[in-house]
Amino acid sequence: MNKVLIIEDDPMIGEMLSMYLSEEDYEVTRAVNGEQGLAQLEAVRPDIVLLDLVLPDMDGTRLCRGIREVSTVPILVVSMRTEVTDRIDALLAGADDYLCKPFSMRELSARITALIRRSHYPAQTAAAPSEQEPEQAVMKGDKHITLDLERRTVYVDDRLIETTYSEFEIMRLLCANPGKVFNRESLINALRGFDSFVTDRAIDVHIANLRKKIEYEPREPKHIKTVWGVGYKFEM
């Protein structure tokens, strides 16, 4: 049974989410503030976190960043904030998806299913090299970049780099096809399939985060290259 941690202070919304997800056969734990959320994260080790951005003891974006520092668990932000800047801030803080209130429970369930599925099992897309993908992919250039596909981890010069599952999927796809240009639509489909909403801007944010983690000079990347007007490619 997959475990869901809900960090939501509104009693009505929190109870509604808990009841619905319990009926969908999830094991649900709820926290009403950020401090409780961090404690439950360690105690429960959930498969996904549903995070409200407006909490009584801390800003949800800061909490998202704190969770990402200690865990790669998928984070789905569920918020009343609808501005594009709020979405971007959440993605930059490490969120994997963003759902605005009000929302349909069916959409929520679809997004949770997609996030958990892709975090547990690497996406198999038409762009993937084959079903017989090796356990490790090693790239050499000015840096030694290793992808451990079984453990879903990235190492740069033998140093572990923490990535979200979305960042890992982008990195896996690019590294498996060096020199091939992927447009944003292809990357969106690789991340989510067709059952969750992701914007072009979200892809750009994930690429920016990856560059910060693997490049010596993120503003002048040598590996994750922009192909202007098209998309991105990986060079060794």
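State all residues of segment 180-194 that are in contact with an Asp or Glu (Cβ under 6 Å, 6 or more places away or on another chain) and either surrounded by fewer than 22 Cβ atoms within 10 Å (Cβ to Cβ) or over 23 Å from ARG117 (Cα atoms) (or both); if no residue qualifies, say none.
Hit for segment 180-194 is ARG184, nothing else.
Can you name every residue in segment 84-98 that is among the charged types (D, E, K, R) and either buried (at least 24 other Cβ atoms within 10 Å of the Cβ) or over 13 Å from ARG201 (Cα atoms) (or both)? Lay out the reasoning, then the answer.
Of all residues in segment 84-98, those among the charged types (D, E, K, R) come to 86-87, 89, 96-97.
Selection gives ASP96, ASP97.
Counting just the residues of segment 24-68 that are surrounded by fewer than 18 Cβ atoms within 10 Å (Cβ to Cβ) and in contact (Cβ under 8 Å) with a residue 40 or more places away in the chain, which one comes out nearest to SER119 (Cα to Cα)?
ARG45
Looking only at residues in segment 145-179 that are in a loop (DSSP other than H, G, I, E, B) and touching a helix residue (DSSP H, G or I) at 6+ places or on another chain (Cβ under 8 Å), which one is surrounded by the most Cβ atoms within 10 Å (Cβ to Cβ)? Explain how you work it out, then say what you get.
Our first condition is that a residue be in a loop (DSSP other than H, G, I, E, B); within segment 145-179, this holds for 149-152, 157-158, 162-164, 177-179.
Subsequent filtering for residues that are touching a helix residue (DSSP H, G or I) at 6+ places or on another chain (Cβ under 8 Å) retains 149, 152, 162-164.
Working: LEU149: 16, ARG152: 17, GLU162: 15, THR163: 24, THR164: 22.
Here the residue is THR163.
Among (1) touching a strand residue (DSSP E or B) at 6+ places or on another chain (Cβ under 7 Å); (2) modelled with pLDDT under 90; (3) not β-branched (Val, Ile, Thr), there is one condition GLY231 misses while meeting the rest; what is its number?
It fails just one condition, (2).
Give me the pairs, please: first residue somewhere in segment 150-169 and free of Cβ contacts under 8 Å to residues at least 12 places away in the same chain and assigned by TED's automatic domain parsing to the domain that holds GLU215, second residue anywhere and assigned to a strand (DSSP E or B) and surrounded by fewer than 21 Cβ atoms within 10 Å (Cβ to Cβ), beta-carbon distance under 6 Å, and either six or more positions apart or on two chains.
What qualifies is TYR155/THR146.
Please go through segment 13-35 and pick out each residue that is farther than 23 Å from ASP86 by Cα and either basic (Lys, Arg) or not in a loop (DSSP other than H, G, I, E, B) (or both). Reasoning before the result, please.
Looking only at segment 13-35, we keep the residues that are farther than 23 Å from ASP86 by Cα, and these are 15-16, 18-30.
The answer is GLU15, MET16, SER18, MET19, TYR20, LEU21, SER22, GLU23, GLU27, VAL28, THR29, ARG30.
Starting from residues that are of a type in the set (Val, Ile, Thr) and under 12 Å from the mean Cα position of the chain (by Cα), keep the ones in segment 69-83 and report whichever is surrounded by the most Cβ atoms within 10 Å (Cβ to Cβ). Let's see the steps before the verdict.
Here is the first cut: in segment 69-83, the residues of a type in the set (Val, Ile, Thr) are 70, 72-73, 75, 77-78, 82.
The next check asks that each one be under 12 Å from the mean Cα position of the chain (by Cα); those that pass are 72-73, 75, 77.
Working: THR72: 18, VAL73: 22, ILE75: 27, VAL77: 25.
Residue satisfying both the conditions and the ranking: ILE75.
List the pairs whose first member sits in segment 183-199 and is within 17 Å of ALA90 (Cβ to Cβ) and among the charged types (D, E, K, R), whose second member is at pLDDT below 80 and not in a helix (DSSP H, G or I), and whose Cβ atoms are under 7 Å apart, counting only residues at least 6 apart or on separate chains?
Every condition considered, the pairs that remain are ARG192/VAL198.
Mind checking whether some residue in segment 104-124 is over 23 Å from MET1 (Cα atoms) and in contact (Cβ under 8 Å) with a residue 24 or more places away in the chain?
no
The values are calculated or read from the model by the stated rules, or taken from the named source; none is laboratory data. Here the structure is a predicted model, which is why all the values come from computation and not from measurement. All Cβ positions, even for glycine, are placed from backbone atoms using ideal geometry, and neighbour counts span all protein chains on display.
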